[in-house]
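The values are calculated or read from the model by the stated rules, or taken from the named source; none is laboratory data. Because the structure is a prediction, the values reported are computed rather than measured. Heads up, the Cβs are rebuilt from the backbone with ideal geometry, glycines too, and the neighbour counts pull from every protein chain shown. The protein model used for the area step is the full one, side chains on, heavy atoms only, and it has no ligands, DNA or RNA in it. Shrake-Rupley method; radii C 1.70, N 1.55, O 1.52, S 1.80 Å.
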Amino acid sequence: MGGRWIERWEPEDEDFWREKGERIARRNLLYSVLSEHIGFSVWSLWSVMVLFMGPQYGIDPAGKFFLIGTATFVGALIRVPYTFAVARFGGRNWTILSALLLLLPTGFAFAVMEPGTSYTTFVLVAALTGVGGGNFASSMTNINAFFPLRKKGWALGLNAGGGNIGVPVVQLVGLLVIGTAGALHPRIVLGVYLPLIVVAAVCAALFMDNLAPVRNDTGAAKEAVRDRHTWIMAFLYIGTFGSFIGYSFAFGLVLQTQFGRTPLQAASLTFVGPLLGSLIRPVGGALADRHGGARITLATFAAMAAATGVVIYASVVESLTVFLVGFIGLFVLSGLGNGSTYKMIPAIFLAQGHRRGLAGEAAEAYGRRLSGAAMGLIGAVGAVGGLGINLAFRQSFQTSGTGTAAFVSFLVFYAACMAVTWAVYLRAPAAVPATVPRDAGHATGSEARTGYAKV
């Protein structure tokens, strides 16, 4: 429990925030982004490694989708314990440890990445890279505690967006290696990341802080599990982040399998969608701060359904150009939705505090407790959506040789997400207690009448 500990932390106190808190919070955000960025790169290593796995590896497209899906699944599961690790060990301390843990999957991948390695070994190493997915949960829980509610959408969006960029960056590194050294040298990609992992851990040790007021609260965790909004938001997060990570991992392999692209051709396109989706995530959070997360989320799902329709059309007529337009649109929209849905979480639980008759600091403390506990669960379930996408692609290519059937299923799911968002957070509701203040948020109309005006 040693290290740099801050005993008093009151971000909602404007004087404290102006005089001391903002500077500290921004510094921790910067180095949290760095560590999470490397974690995302390690988690998505196999979206790059499969591009190097030519016929000499003896693995068909279904087997490659399964490798990607394995990394996705383990990364989703590990998010739950990572969420609670921040309060148990401290945000700084856990960032150091979680960064150093990335040396294991990267080192093992470096050791086994060659023809002749058994498929079982590849599956086990791919599973180990899932630890990189856990960094997101601990990082978001940590940064959530540093910032006041009015800044959370921006801060969480920037933190997550900076982390998400780890996906296109590792894909760009893969492109550079394939374009210069050729597709027979995957170890160069892994060699680049081994020292970067050490740099992230050292920076966390030197520049980050632990918050003493943040402690594990098993009661909050149990309450978050019982609260229906935890699972509603998890469902919506499957549609946004699950889409982003699933598409990020599968994009290059889809291009190779459905459109016959070479490793270099696939790698030259793979990074574009994840990059744009990552960059726009903070914009989604900022728009949610301004207009309400539920509104932005609903509009995002509607646009994702339209983009999916474009992709289905392109798959049927076999137009790569139209396919790329629709698919990259899905990346951008999923990134926007990532920012807006994560902004909704602390706002929902603050509103829940008001509905329970709490006010002021009591309501804010309740919101922090529940949102911090819920974020790990929501992030874990949302990431499982990435597994669903890769399994859907695997089945679709196995049965029909194209991804069209998978995209039809995604279209149906986005329609369901639209319906849930509207029904729970935007439609005209039953009356709420008078204790919900009129200025509980920026939104007006039916959204305000639900008591979730800032959602």
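Structural remarks
- Qualifying residue in region 339-349 (condition: out of contact with any Gly (no Cβ under 8 Å at 6 or more places or on another chain) and surrounded by fewer than 24 Cβ atoms within 10 Å (Cβ to Cβ)): no
- Tally of residues being modelled with pLDDT under 95 and open to solvent by 50 Å² or more (accessible area, probe 1.4 Å) across region 289-321: 7
- Selection count, region 406-417, where residues are open to solvent by 60 Å² or more (accessible area, probe 1.4 Å) and under 22 Å from ALA62 (Cα atoms): 1
- Residue pairs meeting the criteria (Cβ under 6 Å; at least 6 apart or on separate chains; first in contact (Cβ under 8 Å) with a residue 60 or more places away in the chain and open to solvent by 40 Å² or more (accessible area, probe 1.4 Å), in region 177-202; second assigned to a loop (DSSP other than H, G, I, E, B) and not small (Gly, Ala, Ser)): ARG187/MET113
The rows are residues; the columns are (1) open to solvent by less than 10 Å² (accessible area, probe 1.4 Å); (2) in contact with an Asp or Glu (Cβ under 7 Å, 6 or more places away or on another chain); (3) at pLDDT 95 or above.
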residue	(1), (2), (3)
VAL42	yes, no, yes
SER47	yes, no, no
VAL50	yes, no, no
GLY54	no, no, no
ILE59	no, no, no
GLY69	yes, no, no
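- Flag if VAL420 is at pLDDT 75 or above, open to solvent by 10 Å² or more (accessible area, probe 1.4 Å) and in contact with a His (Cβ under 9 Å, 6 or more places away or on another chain): no
- Selection within region 392-403 - in a helix (DSSP H, G or I) and crowded, with 18+ Cβ neighbours inside 10 Å: ALA392, PHE393, ARG394, SER396, PHE397
- The single residue among LEU269, LEU279 that is closer than 26 Å to MET53 by Cβ and open to solvent by 10 Å² or more (accessible area, probe 1.4 Å) turns out to be LEU269.
- Close pairs from region 353-366: first open to solvent by 60 Å² or more (accessible area, probe 1.4 Å), partner outside any loop (DSSP other than H, G, I, E, B), Cβ under 9 Å, at least 6 apart: ARG356/ALA363; ARG356/TYR366; ALA359/GLY353
- Qualifying residue in region 152-171 (condition: basic (Lys, Arg) and over 21 Å from the mean Cα position of the chain (by Cα)): no
- Annotation note: of GLY376, GLY386, the sole residue that is modelled with pLDDT under 85, surrounded by 17 or more Cβ atoms within 10 Å (Cβ to Cβ) and in contact with a helix residue (DSSP H, G or I) (Cβ under 8 Å, 6 or more places away or on another chain) is GLY376.
- Taking region 238-311 as the region of interest, the helices (runs of 4 or more DSSP H) fully inside it that hold 1 or more residues being out of contact with any helix residue (DSSP H, G or I) (no Cβ under 7 Å at 6 or more places or on another chain) and free of Cβ contacts under 8 Å to residues at least 12 places away in the same chain are 263-270.
- Within region 218-227, at least one residue is assigned to a helix (DSSP H, G or I), open to solvent by 60 Å² or more (accessible area, probe 1.4 Å) and more than 30 Å from GLY337 (Cβ to Cβ).
- GLY90 satisfies every condition listed in (1) open to solvent by 20 Å² or more (accessible area, probe 1.4 Å); (2) at positive phi except (1).
- Scanning region 131-171 for residues that are open to solvent by less than 10 Å² (accessible area, probe 1.4 Å), β-branched (Val, Ile, Thr) and over 25 Å from VAL455 (Cα atoms) yields VAL167, VAL170.
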